[in-house]
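For reference, the structure discussed in these notes is given below.
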Amino acid sequence: MGASHRGVTVWFTGLSGAGKTTIRMAVEKELRSQGCKVEVLDGDIVRQNLTRGLGFSKADRDENIRRIGFVSHLLTRNGVIVLVSAISPYRDIRDEVRHKIGNFIEVYVNAPLEVCEQRDVKGLYEKARAGQIKHFTGIDDPYEPPLNAEVECQTHLHTLEECVAQVLAKLQEADYLTELQTSNV
Ligand code: ADP
């Protein structure tokens with residue numbers, strides 16, 4: 001039997017290479033080790049199935065986020081801790097999803113563009129600078145930072161462990177990890 005806890009969506013937003021996937025994976029590992037029910041929606045993977053065929057115009061990016069938000073909502077209301085990592089560059093659609101889901105923690109994974117570009121984890125910045133990828137967030141497409149994120153992880157200033165601790169502390173503080181009472185104990 002896993003731990004019983006409230007459902008919540010933890011939404012990691014930020015530039016490519018900021019550290020969303022890295023932090024999400026470490027948070028996932030910790031929560032699973034505590035017996036939590038966890039599900040993951042990773043932007044790169046979702047674009048290969050749930051939102052396959054969508055591009056990178058604002059309309060398509062919004063549709064991508066809306067669908068991820070829809071699935072996150074279903075899971076959240078069924079008591080799952082949903083970890084979403086997606087660039088999700090537009091503030092209005094992030095806020096729309098936040099209001100639909102309700103139990104929502106926005107994590108702004110924030111590193112300066114220069115740092116992300118230097119990391120260039122997937123070699124995408126180089127391609128974007130060379131004009132081989134168009135509409136690349138931070139280069140020739142906008143990123144609108146959250147104004148009121150519950151958590152901000154500055155990955156150029158803090159270690160991965162510190163960033164993970166920030167997210168877990170917020171989950172704890174907002175009472176999402178508290179064991180639910182069962183009536184037949
Ligand atoms: P994203 O999912 O946002 O595109 P990734 O997680 O794939 O980014 O890549 C982030 C890179 O930054 C990784 O190579 C990771 O090791 C590095 N990194 C350095 N410091 C941190 C930190 N504090 N938190 C997360 N990642 C970090």
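Being surrounded by 20 or more Cβ atoms within 10 Å (Cβ to Cβ) and within 16 Å of the ligand (Cβ to nearest atom), is that true of even one residue in region 43-50?
Yes, some residue in region 43-50 is surrounded by 20 or more Cβ atoms within 10 Å (Cβ to Cβ) and within 16 Å of the ligand (Cβ to nearest atom).
If I ask for residues that are aliphatic (A, V, I, L, M) and more than 6 Å from the ligand (Cβ to nearest atom), which ones from region 10-31 would you list?
The answer is Val10, Leu15, Met25, Ala26, Val27, Leu31.
When you look at Val115, is it among the hydrophobic types (A, V, I, L, M, F, W, C) and either in contact with a helix residue (DSSP H, G or I) (Cβ under 8 Å, 6 or more places away or on another chain) or under 18 Å from Asp42 (Cα atoms) (or both), yes or no?
In short, no.
When you scan region 146-167, do you find a residue that is surrounded by 18 or more Cβ atoms within 10 Å (Cβ to Cβ), assigned to a strand (DSSP E or B) and out of contact with any Leu (no Cβ under 7 Å at 6 or more places or on another chain), even just one?
yes
Would you confirm, using the coordinates I've provided, whether Ile101 is β-branched (Val, Ile, Thr), under 12 Å from the mean Cα position of the chain (by Cα) and more than 15 Å from the ligand (Cβ to nearest atom)?
Answer is no for this residue.
Give the residues of region 1-57 that are of a type in the set (D, E, K, R), over 13 Å from the mean Cα position of the chain (by Cα) and under 17 Å from Lys122 (Cα atoms), sorted by residue number.
Within region 1-57, Arg47 is the sole residue that qualifies.
Read-outs: derived from the displayed coordinates by stated rules, not from any lab. Computed from a predicted structure; not experimentally measured. Ideal geometry is used to build each Cβ from the backbone, glycine not excepted, and the neighbour counts take in all protein chains shown.
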